[in-house]
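Colleague: Here it is, the structure, as structure tokens.
The values are calculated or read from the model by the stated rules, or taken from the named source; none is laboratory data. Here the structure is a predicted model, which means the values were calculated and not measured. Cβ atoms come from the backbone with ideal geometry, glycine included; neighbour counts cover every protein chain shown.
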Amino acid sequence: MEKKAIGFLDSGVGGLTVVKEAMKQLPNESIYYIGDNARCPYGPRPKEEIVEFTWDLTQFLLTKNIKMLVIACNTATAVALDEIRKRVDIPVVGVILPGSRAAIKYSRNKRIGVIGTVGTIGSNVYEDTLHEKHPDVYTASISCPKFVPLVESNQINTSIAKKVVFESLEPLTKMGLDTLILGCTHYPLLSPLIKKVMGDKVTLIDSGAETVSEVSTILDYYGITASSQEKADKVYRFYTTGSTKMFAEIAANWLEVNDIQVEKAILPKNN
């Protein structure tokens, strides 16, 4: 099992923020990643469609004989995590619980904000999880539907991005928050702009990065962690249902790796 790869899936390039952290924390592990860029974003879609799409990506990764699945997408985690766990016989990890735990840990005044897609915010999954862990926590949530398209079109450093981020987050700046959960794995790519709007006193929680610590714990629990001897044989493979060129440009920039090889994914149901 330890020679197998960890599979990561996302609606697009956002899950690369999780992969970046995995490359740091789990240097011996092989990684297979698929982004459903052709059908991104997932946030506005009906629940049934999100489950269907997430299962499509899961099936693709299962053909690669992965040992663990990371749903590196908040919307897919909120809607499809339980269903996917029922269908597979490998560990499956989502990004919401680790992010919620971290927010409670780092918040001093227990006033926590959450930003995410329409689907994630509409599900109330973060609020429910936060209140379950700490009944007295105050939460404020808003959806930011324009953020994912900015990231997917590689416009994170434009004046348009600055304007969109400011206009979207301005209401949260008046709520006395000291912690903000980036409840979409695309959002860390906009973190410099988010930080500028929210101010230095607000701690940003990258739910994806927090997830990798949990992945490490589960690997150890099941005894499937790759050993240092496997490091020389590790591989990173990236797949997308959309433009390989655009994906490669974003991935190379974010992961700080030259010559990213990205393959076009043919999903099982289309074979």
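Colleague: Yes or no: T244 assigned by TED's automatic domain parsing to the domain that holds I66 and under 16 Å from the mean Cα position of the chain (by Cα)?
Modeller: no
Colleague: Given (1) in a helix (DSSP H, G or I); (2) closer than 30 Å to N109 by Cβ; (3) of a type in the set (A, V, I, L, M); (4) out of contact with any Gly (no Cβ under 8 Å at 6 or more places or on another chain), identify the lone condition not met by L204.
Modeller: (1)
Colleague: How many residues are crowded, with 24+ Cβ neighbours inside 10 Å and in a loop (DSSP other than H, G, I, E, B) when one looks only at segment 69-115?
Modeller: Result for segment 69-115: 4.
Colleague: Quick check, is E249 charged (D, E, K, R), surrounded by 15 or more Cβ atoms within 10 Å (Cβ to Cβ), in the same structural domain as A78 (by TED's automatic domain parsing) and not in a loop (DSSP other than H, G, I, E, B)?
Modeller: Taking the combined requirement at face value, the residue satisfies it.
Colleague: Among the residues that make up segment 147-164, is at least one of them charged (D, E, K, R) and not in a helix (DSSP H, G or I)?
Modeller: Checked segment 147-164: no residue is charged (D, E, K, R) and not in a helix (DSSP H, G or I).
Colleague: Test L177 against the stated conditions and say whether it is in a helix (DSSP H, G or I) and more than 24 Å from R39 (Cα to Cα).
Modeller: Criteria not met by L177.
Colleague: Quick check on segment 46-60. Is at least one of its residues free of Cβ contacts under 8 Å to residues at least 24 places away in the same chain, in a loop (DSSP other than H, G, I, E, B) and surrounded by fewer than 22 Cβ atoms within 10 Å (Cβ to Cβ)?
Modeller: Scanning segment 46-60, I find at least one residue that is free of Cβ contacts under 8 Å to residues at least 24 places away in the same chain, in a loop (DSSP other than H, G, I, E, B) and surrounded by fewer than 22 Cβ atoms within 10 Å (Cβ to Cβ), so the answer is yes.
Colleague: Report whether or not V165 is within 24 Å of A102 (Cα to Cα), assigned by TED's automatic domain parsing to the domain that holds D56 and modelled with pLDDT of 95 or more.
Modeller: Against the criterion (within 24 Å of A102 (Cα to Cα), assigned by TED's automatic domain parsing to the domain that holds D56 and modelled with pLDDT of 95 or more), V165 does not qualify.
Colleague: Taking A22, is it touching a helix residue (DSSP H, G or I) at 6+ places or on another chain (Cβ under 8 Å), assigned to a helix (DSSP H, G or I), without any contact (Cβ under 8 Å) to a residue 60 or more places away in the chain and of a type in the set (G, A, S)?
Modeller: Against the criterion (touching a helix residue (DSSP H, G or I) at 6+ places or on another chain (Cβ under 8 Å), assigned to a helix (DSSP H, G or I), without any contact (Cβ under 8 Å) to a residue 60 or more places away in the chain and of a type in the set (G, A, S)), A22 does not qualify.
Colleague: Hey, can you tell me all the residues within segment 81-113 that are under 14 Å from the mean Cα position of the chain (by Cα) and touching a residue at least 24 places away in the same chain (Cβ under 8 Å)?
Modeller: Across segment 81-113, the qualifying residues are V92, V93, G94, V95, I96, L97, P98, G99, S100.
Colleague: May I ask you to list the residues in segment 30-45 that are under 19 Å from A5 (Cα atoms) and either out of contact with any helix residue (DSSP H, G or I) (no Cβ under 7 Å at 6 or more places or on another chain) or assigned to a helix (DSSP H, G or I) (or both)?
Modeller: Selection gives S30 alone.
Colleague: Of the residues that make up segment 16-30, is at least one in contact with a Pro (Cβ under 6 Å, 6 or more places away or on another chain) and surrounded by 24 or more Cβ atoms within 10 Å (Cβ to Cβ)?
Modeller: Yes; the residues of segment 16-30 include at least one that is in contact with a Pro (Cβ under 6 Å, 6 or more places away or on another chain) and surrounded by 24 or more Cβ atoms within 10 Å (Cβ to Cβ).
Yes/no per residue for (1) part of a helix (DSSP H, G or I); (2) within 17 Å of the chain's Cα centre (by Cα):
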| residue | (1), (2) |
| --- | --- |
| P188 | yes, yes |
| S191 | yes, yes |
| V197 | yes, no |
| A209 | yes, yes |
| S216 | yes, yes |
| F238 | no, yes |
| I266 | no, no |
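Colleague: Restricting to segment 147-197, give me the number of residues that are among the basic types (K, R) and surrounded by 14 or more Cβ atoms within 10 Å (Cβ to Cβ).
Modeller: Going through segment 147-197 one residue at a time, the tally reaches 2.
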